[in-house]
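Just below is one structure, and these are the notes that go with it.
The values are calculated or read from the model by the stated rules, or taken from the named source; none is laboratory data. This is a predicted model, so every value here is computed, not measured. Cβ sites come from the backbone with ideal geometry, for glycine too, and all protein chains shown count toward neighbours.
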Amino acid sequence: MLNELWLLVSVVILFIGLVASQGLLLVLGALSLIVSLVAKFWDRVAFQKVTHFRTLSHARAFVGDTVEYVITLSNEKAIPLIWVDIQDAFPEGLELPGGSVRGSGVEVIRQHCITTSLLPYQKVTWKYKIECTARGYHRIGPVRLRSGDIFGFSSAEIYYPKVEHLLVYPKIVDLGELIFPEQHPLGESKSWKPVVQDTTRFLRQRDYSPVDPMKHIDWKATARKQRLQTKVFEPVVSLNVLIALNAATSEYAWQGSNRRFFERAVTAAASVASDADRHGYTYGLISNAVASYSGKWLSVPMGASSSQLSMILESLAMAGPYVVTPLTEVLKGERASLPSGTTVVLVTSILTRAMATEINLIKDSGYQVRVLYTGDQAPSVEMPGVPIVRLGRILETQVDYEPAMA
């Protein structure tokens with residue numbers, strides 16, 4: 001607008017100089033017109049052939065990791081940029097040592113600000129190390145570039161909508177035997193259809209059948225009874241773990257959400273998944289927590305593939321403390337389809353009577369249940385026969401309570 005006004009004033013001065021035959025006005029008007037045209041031309045071509053790139057050394061990281069972050073700005077034309085102001089949206093939960101990051105809080109978007117200049121055909125690169133301080137699905141960008149002409153009459157800006165994503169996994173804590181005791185960690189359940197025979201658990205003897213393995217023949221019993229006898233072992237099913245994460249931190253929705261308790265629960269769930277993967281178990285995840293940007297609750301089917309842990313950690317990284325339904329309803333939907341021999345590991349910061357009832361129903365159906373309690377106070381509901389491990393104090397000093405969903 002200022003440039004158009006100055007152009008109009010220049011034309012008026014030049015016209016008056018011509019009419020009045022005033023050389024000074026003619027020179028002043030001509031110079032003003034030239035400056036206005038140059039500024040207008042610069043305004044149009046300022047960001048032509050100007051490119052802005054960001055690169056991250058990794059797209060995924062854990063809390064506490066550092067990621068290399070490179071910004072490149074290049075000017076591939078003969079016209080310089082006297083000054084360039086770069087304003088790049090930068091999320092909470094990531095720190096940028098050495099960078100100028102302005103703005104904080106929920107209502108203020110943080111901006112990574114850089115001011116520089118570009119000569120013709122010049123490329124400028126900035127290198128940083130991002131510190132991942134909180135789990136989350138972080139988005140860097142979009143970016144806005146601003147610049148002005150040498151006379152200060154006009155300014156131009158351009159908006160690049162491209163964003164970079166950095167997924168930060170929750171912290172994994174070594175809880176040792178608090179999660180799974182060494183002996184029979186998941187309480188292997190008996191099954192009418194043996195999937196695996198545990199040869200360390202001798203049950204009885206019976207007459208040999210042609211389908212029985214020769215290595216299971218009991219030769220001493222055969223000599224006593226004068227006919228072939230085979231050993232029968234206690235049948236067990238393969239070990240399965242279902243991690244059930246309760247996103248609710250209070251009994252009623254109107255009581256709000258306790259971010260500290262929720263982050264403890266996420267860390268505990270990630271630690272269980274890591275331990276199950278290390279032991280070679282088949283495991284999965286269900287939760288009533290909502291995943292960021294999807295609006296759906298978390299669910300990772302049972303599996304034992306090499307990518308199972310990554311899928312669960314990705315889900316937990318994007319988990320928000322927003323409850324769409326009580327966890328009891330989620331458990332009801334899963335109960336009928338649980339494989340034999342499954343142990344349900346409930347991770348929660350509260351225990352309600354409705355939850356205790358559902359846990360007892362699961363236990364009465366022949367499944368093992370283990371509760372990892374992440375609240376501060378002792379659970380208000382008792383559940384005889386169900387192990388409850390209190391992790392609140394253990395996790396208190398090891399969990400960051402400021403996750404970022406941006």
| message | Given (1) farther than 30 Å from L167 by Cβ; (2) hydrophobic (A, V, I, L, M, F, W, C); (3) at pLDDT 90 or above, identify the lone condition not met by L2. | response | (3)
| task | Check the stretch 354-368 and report whether any residue there is buried (at least 18 other Cβ atoms within 10 Å of the Cβ) and modelled with pLDDT under 80. | result | no
| Looking at (1) touching a Gly at 6+ places or on another chain (Cβ under 9 Å); (2) assigned to a strand (DSSP E or B), which is the one condition that is false for Q87? | (1)
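Hey, among the residues in the stretch 270-316 that are aromatic (F, W, Y) and modelled with pLDDT of 85 or more, which one's farthest from the chain's Cα centre (by Cα)? Write out each step before concluding.
Going residue by residue through the stretch 270-316, those that are aromatic (F, W, Y) are 281, 283, 293, 297.
After this cut, where a residue has to be modelled with pLDDT of 85 or more as well, the list is 281, 283.
On the way: Y281: 23, Y283: 19 Å.
Only one residue tops the list, namely Y281.
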| task | Return a yes/no flag: does the stretch 92-114 have any residue that is hydrophobic (A, V, I, L, M, F, W, C) and within 21 Å of L313 (Cβ to Cβ). | result | yes
| Residue count, the stretch 61-83 (criterion: among the hydrophobic types (A, V, I, L, M, F, W, C), within 20 Å of E164 (Cβ to Cβ) and crowded, with 20+ Cβ neighbours inside 10 Å) | 4
| said: Residue pairs, Cβ under 6 Å, 6 or more apart or interchain, first in the stretch 351-371 and over 21 Å from R390 (Cα atoms), second among the small types (G, A, S). List them. | reply: G366/S189
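Here is a yes/no grid of residues against (1) in a loop (DSSP other than H, G, I, E, B); (2) at pLDDT below 90; (3) buried (at least 16 other Cβ atoms within 10 Å of the Cβ):
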{"position": "Y121", "(1), (2), (3)": "yes, no, no"}
{"position": "T125", "(1), (2), (3)": "no, no, no"}
{"position": "H138", "(1), (2), (3)": "no, no, yes"}
{"position": "G152", "(1), (2), (3)": "yes, yes, no"}
{"position": "K162", "(1), (2), (3)": "yes, no, no"}
| said: Suppose we filter the stretch 211-244 for residues that are modelled with pLDDT of 85 or more and under 30 Å from W297 (Cα atoms); how many remain? | reply: 5
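Look through I34, I82, I16 and report the one residue that is part of a helix (DSSP H, G or I), modelled with pLDDT of 60 or more and farther than 20 Å from Y159 by Cβ. Break it down into steps so the answer makes sense when it comes.
On the way: I34 fails: modelled with pLDDT of 60 or more; I82 fails: part of a helix (DSSP H, G or I).
Step by step, each of I34, I82, I16 is checked, and only I16 is part of a helix (DSSP H, G or I), modelled with pLDDT of 60 or more and farther than 20 Å from Y159 by Cβ.
Give the residue that is farthest from T267 (Cα to Cα), with candidates limited to residues of the stretch 329-353 that are among the hydroxyl-bearing types (S, T, Y) and buried (at least 21 other Cβ atoms within 10 Å of the Cβ). Step through it out loud before you land on a result.
Residues of the stretch 329-353 that are among the hydroxyl-bearing types (S, T, Y), as a first pass: 337, 340, 342-343, 348-349, 352.
Checking which are buried (at least 21 other Cβ atoms within 10 Å of the Cβ) leaves us with 342-343, 348-349.
Values: T342: 22, T343: 19, T348: 11, S349: 12 Å.
Looking at residues that are among the hydroxyl-bearing types (S, T, Y) and buried (at least 21 other Cβ atoms within 10 Å of the Cβ), I get T342.
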